[in-house]
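What follows is calculated from the coordinates using simple rules that are stated; it is not laboratory data. The structure presented is a predicted model; accordingly, all values stated were derived computationally and were not measured. Cβ placement follows ideal geometry from the backbone for every residue including glycine, while neighbour counts extend to all protein chains displayed.
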Amino acid sequence: MANSNYKRQIIKDGLESVTRRWWFFLVIILLGSTIPPYVPAGYDYSDWGNLLGSIFSQAIIVSWTDVYPIFKVIPIVLIICLVLLKNKVKRVFSIYVATSYVLFAIVQNIAITEEYGLGIITGNVIMFVIVAAFWFWEAKVGKNDFTSTVRPAWRYWVIPLAFLAFWYPLNPDTMRPDFNPLYIVTSSAGLAFCMMTPVYLALLTLYYRTVNIATMRVTSLVGVIIAGYNIAVNFFFEPTLMWWNGVLHIPLLSISVYSLVLSLKKRPTE
């Protein structure tokens with residue numbers, strides 16, 4: 001047992017060290033930005049933007065409306081259980097989060113499009129699977145500790161932003177604000193990287209002195225990258241139609257940046 005714990009500590013220390021290196025950041029950024037989308041017939045690189053639009057607009061998630069509530073209720077129940085039962089459910093929570101990131105990779109980035117046939121946003125799939133791997137690793141080693149309750153009040157600023165992302169009050173037909181309370185359990189947010197990552201990171205920031213820092217760092221790094229893409233598209237390329245969707249990505253950007261900064265700080269001891 002002692003030898004097993006020693007090996008786990010070595011791996012943990014190694015991953016914490018590697019994930020804070022500049023070249024690790026560069027590798028993740030390049031994976032997300034330079035690997036082209038995949039379609040069987042190929043395409044001209046000048047058509048990259050249209051291809052991405054086709055895949056995102058026809059992704060698997062669009063046809064999964066019947067299961068949206070399931071993926072809203074499960075995280076609500078798990079977070080309530082974490083608050084009440086703390087570490088008794090932490091591995092179940094980590095497994096669910098890891099599985100969620102695998103689903104995000106599949107349902108948001110793969111589509112059978114009318115224009116191109118099968119389409120895959122390869123860079124996103126790779127990044128999301130990397131995040132999932134770190135959460136599966138956390139489920140195995142169990143480094144997250146959710147027993148601490150002492151924290152300054154200002155750190156709760158993440159909660160309303162995470163809730164806004166989880167609610168995702170956007171009318172899918174008009175892309176305009178729609179604060180229908182039913183969206184809390186019926187929107188597509190439960191299957192969306194951009195809406196659930198603020199929720200998971202918000203939770204980690206509240207306990208950040210006692211969480212798996214490598215998992216937190218990698219999740220927040222990919223969150224910053226994806227948020228940057230979405231902010232650019234929503235506010236600068238399609239502002240007339242997509243501005244409100246851009247607003248709803250601000251939680252991802254702000255909480256991911258905050259979480260990444262925390263993960264790079266030297267953590268104080270309790």
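Near Gln58, once Lys and Arg are set to +1 and Asp and Glu to -1 for all other residues with Cβ below 10 Å from its Cβ, the sum equals -2.
One Cα centroid belongs to region 88-133, the other to region 146-176; the line between them spans 22 Å. Phi-derived couplings, Karplus 6.51 cos²θ - 1.76 cosθ + 1.60 at θ = phi - 60°, listed residue by residue for region 79-87: 5, 4, 5, 4, 5, 7, 9, 6, 5 Hz, with x used for Gly and Pro.
At q = 0.17 Å⁻¹, what is the log10 ratio I(q)/I(0) for region 2-264, with the Debye formula run over Cα points and no solvent? Cα-only, vacuum Debye calculation for region 2-264: -1.44. Pairs of alpha carbons in region 30-123 separated by more than 23 Å make up 41% of all such pairs. Under the convention that each Lys and Arg Cβ holds +1 and each Asp and Glu Cβ holds -1, the size of the dipole of the chain around its Cα centre is about 1720 debye.
Note on the chain: dipole from Cβ charges, positive end direction compared against Tyr101, Ser220, Leu85; the farthest Cα belongs to Leu85.
Could you put Val18, Val224 in order, starting from the residue whose Cβ has the fewest other Cβ atoms within 10 Å?
Working: Val18 11, Val224 18.
Going from least to most buried by this count: Val18, Val224.
Once the chain from Ile76 to Trp64 is taken as fully extended at 0.36 nm per residue, the excess over their C-alpha distance is 2.4 nm.
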